[in-house]
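Novice: Mind having a look at this structure? Questions to follow.
The values are calculated or read from the model by the stated rules, or taken from the named source; none is laboratory data. Given the structure is predicted, the values throughout are model-derived calculations rather than measurements. As a convention, Cβ positions derive from the backbone with ideal geometry for all residues, glycine included, and neighbour counts pool all protein chains shown. Heads up: the accessible areas ignore ligands, DNA and RNA and are worked out on the full protein's heavy atoms, side chains in. Shrake-Rupley method; radii C 1.70, N 1.55, O 1.52, S 1.80 Å.
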Amino acid sequence: MIDERRLKILTEGAKYDVSCSSSGSKRKNTGGMGNGYAAGCCHSFTPDGRCISLLKILMSNDCVYNCKYCPNRLDADVPRVSASPEEIAQLTIDFYKRNYIEGLFLSSAVEKSPDYTMERLVRTLKLLRNQYRFHGYIHLKGIPRADEALIHEAAQYADRMSYNIELPSERSLKLLAPQKSKESLLLPMRKLAEDSAVFKEEKRKGLFLPAGQTTQMIVGASPETDGQIVRLTQSLYRGLGLKRVYYSSYVPVVHDSLLPDLPVGQLREHRLYQADWLLRFYGFTAEEIAPENENLPLDLDPKCAWALRNLQLFPVEVNRAPLEMLLRVPGIGGRSAQKILQARRYTHLTFEHLQKMRVVLKRARHFITASGKFYGAKSETAVRGLLTAGETGENATQLSLFSTAETALSALTGEL
Amino acid sequence: MIYLTDGTKESFLTAFLLAFSDGDALVSSSPTQLSLGQKTVFVSADAARAARAEERLLSFDKDCMNDLSLLLRSGMSGREQIAFRYFRLLALQKRPVRDMLADEDVLCASECIRKVTYEIHRLHGFVRFLESASGALYAPLSPDNDVVDLLVPHFRSRLPEFPFVLHDVKRKKAAVYDGKNTFLAPLEQAEVVLSASEQAWQTLWQRYYKSVNIPQRERLKQMKGYMPVRYWKFMPEFSSREPFLT
Ligand code: SF4
C-alpha cells in the first residue's frame, strides 16, 4: 500500500492537468472488475468546483527535463518520490472497488529517461489489465521522445492517451520547455491517430484507444492571442481528430523571469472553453469566433459577440428556423434547441410557451421572434448594453462550469 | 374529489380509471395532502382493473409504463397527480405525448422523470462502498427518489464478482446482489464488520481528495451545485479526521 506522503506529493504534481473526463469508452467487463461508462461519471467534487472522475496521479515527480513553468523541473528543490507499478495498480483497484473513482489517469515526470518512464507506465497498465483484469477507464499521458513501439503498446491498454501541447506556439515551447519540441509532441499524436485508423480499418481484435486522444495547453504563460489559440484548437480537431482540447490558465507556482508573476484570470479560460464548445457542438469555425490577433471579449460570451457582429441574420423565427440557426442564437443551447424542435411539431410556439419550457430568454429574446412577435430591445446599442450588464468578472467566474467533466456539463450548461 | 392511493402502480392505475372523467380530480398517495372540504375516496388496488388500464395506455404509447414507474419513484409529494395529468392527456390524445413540451402537464411529468433519472446518474458516482470482512461491499444511501434497485444493474455489470448491498436507510430497504441474483428486501439496520484494510483505504482517499484540490480557486457554490450537501453524509472524503477545507 502506498503511503500518505507519497500519495500527496504525486497527486499534487498531477492536479494541474485539467482533463479528468472518463467518457467515450464502452469497454466491457469480461470477468474481473470494471467497465467503461460512455457518458462519463463524476464521483466527487472538490472545493475548487472540479469533478473527480479519475485517480489522477504521477508515477514519479523526479524529472530530468526542465520546463520553466513546472514545479517538478530538474532545477527545482522539491522532495522527489516515485510509486511502483504494483502500488499504482493496487491503489486504482481498491479505490475503484469502493466506487471512489471511474478509473486511472496516469502520467509521470520524465524519470531517468523517456523510455525508462514509458516502460514503467506501460507495465502498470499491463498489470491492471492482465493481472487484475481491470476494465475500468485508463487515461495515459504519453511521454515525449519515448520509443514508438512502447507508445503503440500503451495504446492497446489505455482508453485514452494525451500528449500535452503545453504552449500554443513553437516559439513559446522552445523558450519555456526546452527539451520538448513541437515534433516530440505532435509526432506521437499523429502516429497514434494513424495507428488507430489502421486498427479500425482492419477490424483487429481488442481495443485501441477507444476514447481517442486529447491535449492541453497552458494559457497566459506566453503571449499568444485567443484568436491563435482557437485556430490551433480547430486544426487539432480537424487534423488529428482529437476528442478534446483543454486549457489551463496559468498558475504561477514557479518564479522565472520568462514567466508572468500573476495568474491568468479564470474568465479568459472560461471564454476559451465557450469558444471550444462553439467549435465542437454549435457548428462555428475558428474564423467566425475571433480574429487571429485578438482575444475573446471578456464582457460578452463568444456567441453573443458573434451575433452582435452579424445582426443582419436576426431575428429568427423559432417556429421555422433550422436547428443550425437555433443553435446560433445567444442563450439557446443544445437542449433548448432540441426542446423547441420537439414542441413545435405539436403547436405554434409563443413566448409564453418558451418561458414555460424553461428556455432561457434573457439573451435570446433579442435575436428571435415567436409567432412573429419580438420582445427584444430595439437598437443595437441597447442590446449590447443589456447583454454585457451583469457579466462582471465575478459573475462569470461562477458561470465557469467548464473545467469539470462532460456529463455534469451537458446537464448544467446546455445554454450558451 | 380526492383519490387516495396506497402508492403502488396497481392502486394508481385503478384510481386512474375512476378519476379519468373527473377533470378536477386529485390523485395522491399521501394523506397529509388532504384539503378540507373535498371528498376523499380510498382506492385499493384492483388487479383486473389495473391490468385493463395498463393495456389500454400501452396501446397508445408502448413506452409509457416506464414513465409511470419512474414517476411513482419520485420523492415529490405530488407525484401521483403529475402522473395522473400526464396519463390523462395520453388517454385523450391516444398517441405518445412525451414530446409535447409546450404542454404544462407534459412538462411537469418530464421534469419529474428527469429528476429521477438524473439522481440515478449522480448516484452511479456518489455511492460509496465499504468493504466488509467477508469481502462483500456495503453502501448506505438516502436518495431523494426510490431508486436503490435501479442502481443494481450498473454496479452488477462492473463488479460481477463482488456481492453488494445498496441500503436505502431512509426507506429502510436494500437492493442486494449476492453474486448471482439480485433482490429487494426490507432492511432496518445493518451490522457491518469492516475488513482489516478498510480504514486505511479511506484514509488514503481522504488524503487524495485533499491533495487534488486547488485551494487558490475555491468555488464552493459550484461544488455544492454539482454535489448537493445531502449526499455528503455517506462519503468518506467528508468524514475526514480534519475538516476537509484546511
Ligand atoms: S517533463 Fe516538464 S512538465 Fe513534465 S514533469 Fe518534467 S519538467 Fe515538468
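Novice: What is the residue count in the stretch A:340-388 for residues that are within 27 Å of residue B:114 (Cα to Cα), among the aliphatic types (A, V, I, L, M) and more than 14 Å from chain B (Cβ to nearest Cβ)?
Specialist: The total comes to 3.
Novice: Given the options A:331, A:283, name the one that is surrounded by fewer than 22 Cβ atoms within 10 Å (Cβ to Cβ) and at positive phi.
Specialist: Of A:331, A:283, the one residue that is surrounded by fewer than 22 Cβ atoms within 10 Å (Cβ to Cβ) and at positive phi is A:283.
Novice: Only one residue in A:206, A:220 is under 19 Å from the mean Cα position of the chain (by Cα) and either away from the ligand (no atom under 16 Å from the Cβ) or without any contact (Cβ under 8 Å) to a residue 12 or more places away in the chain (or both). Which one?
Specialist: That would be A:220, the only listed residue that is under 19 Å from the mean Cα position of the chain (by Cα) and either away from the ligand (no atom under 16 Å from the Cβ) or without any contact (Cβ under 8 Å) to a residue 12 or more places away in the chain (or both).
Novice: Only residues that are among the β-branched types (Val, Ile, Thr) and surrounded by 13 or more Cβ atoms within 10 Å (Cβ to Cβ): list them for the stretch A:341-391, please.
Specialist: Listed by number, the residues that qualify are A:347, A:350, A:359, A:360, A:368, A:369, A:383, A:388.
Novice: Of A:23, A:113, A:108, A:84, which residue is more than 12 Å from every other protein chain (Cβ to nearest Cβ), under 30 Å from residue B:133 (Cβ atoms) and open to solvent by 10 Å² or more (accessible area, probe 1.4 Å)?
Specialist: A:84
Novice: Shifting gears a bit: Name every residue in the stretch A:341-376 that is hydroxyl-bearing (Ser, Thr, Tyr) and within 10 Å of residue B:101 (Cβ to Cβ), in order of residue number.
Specialist: Within the stretch A:341-376, A:346, A:347 qualify.
Novice: To continue, here is another question. Checking residue A:140 against (1) open to solvent by 30 Å² or more (accessible area, probe 1.4 Å); (2) within 16 Å of the ligand (Cβ to nearest atom); (3) modelled with pLDDT of 95 or more; (4) hydrophobic (A, V, I, L, M, F, W, C), only one condition comes out false. Which one?
Specialist: Of the numbered conditions (1) open to solvent by 30 Å² or more (accessible area, probe 1.4 Å); (2) within 16 Å of the ligand (Cβ to nearest atom); (3) modelled with pLDDT of 95 or more; (4) hydrophobic (A, V, I, L, M, F, W, C), the odd one out for residue A:140 is (1).
Novice: Quick one: which helices (runs of 4 or more DSSP H) sit completely within the stretch A:316-395 and have at least 2 residues that are within 30 Å of residue A:266 (Cα to Cα) and touching a residue at least 40 places away in the same chain (Cβ under 8 Å)?
Specialist: A:334-343, A:380-388
Novice: Hey, among A:30, A:11, which residue is of a type in the set (Val, Ile, Thr), within 16 Å of the ligand (Cβ to nearest atom) and either on the phi < 0 side of the Ramachandran plot or facing chain B (nearest Cβ under 9 Å) (or both)?
Specialist: From the options A:30, A:11, the qualifying one is A:11.
Novice: Away from chain A (no Cβ under 13 Å), touching a residue at least 40 places away in the same chain (Cβ under 8 Å) and within 25 Å of residue A:55 (Cβ to Cβ) - does that describe any residue in the stretch B:219-234?
Specialist: Looking for residues that are away from chain A (no Cβ under 13 Å), touching a residue at least 40 places away in the same chain (Cβ under 8 Å) and within 25 Å of residue A:55 (Cβ to Cβ), one finds at least one in the stretch B:219-234, hence yes.
Novice: Continuing with the same structure: Just to check your reading of the model, which residue among A:63, A:67, A:41 is at pLDDT below 95, surrounded by 19 or more Cβ atoms within 10 Å (Cβ to Cβ) and within 12 Å of the ligand (Cβ to nearest atom)?
Specialist: Going through A:63, A:67, A:41 in turn, the sole match is A:67.
Novice: Suppose the filter is under 16 Å from residue A:43 (Cα atoms) and more than 10 Å from every other protein chain (Cβ to nearest Cβ); does residue B:163 pass it? Spell out how you get there, then give the answer.
Specialist: Numbers: under 16 Å from residue A:43 (Cα atoms): no; more than 10 Å from every other protein chain (Cβ to nearest Cβ): yes.
It is false that residue B:163 is under 16 Å from residue A:43 (Cα atoms) and more than 10 Å from every other protein chain (Cβ to nearest Cβ).
Novice: Shifting gears a bit: Give the residue that is nearest to residue B:139 (Cα to Cα), with candidates limited to residues of the stretch B:218-246 that are open to solvent by 30 Å² or more (accessible area, probe 1.4 Å) and at pLDDT below 90.
Specialist: My answer is B:239.
Novice: Another question, then. What is the one condition in (1) within 21 Å of residue A:190 (Cβ to Cβ); (2) more than 15 Å from the chain's Cα centre (by Cα); (3) of a type in the set (Val, Ile, Thr) that residue A:225 does not satisfy?
Specialist: For residue A:225, the exception is condition (1).
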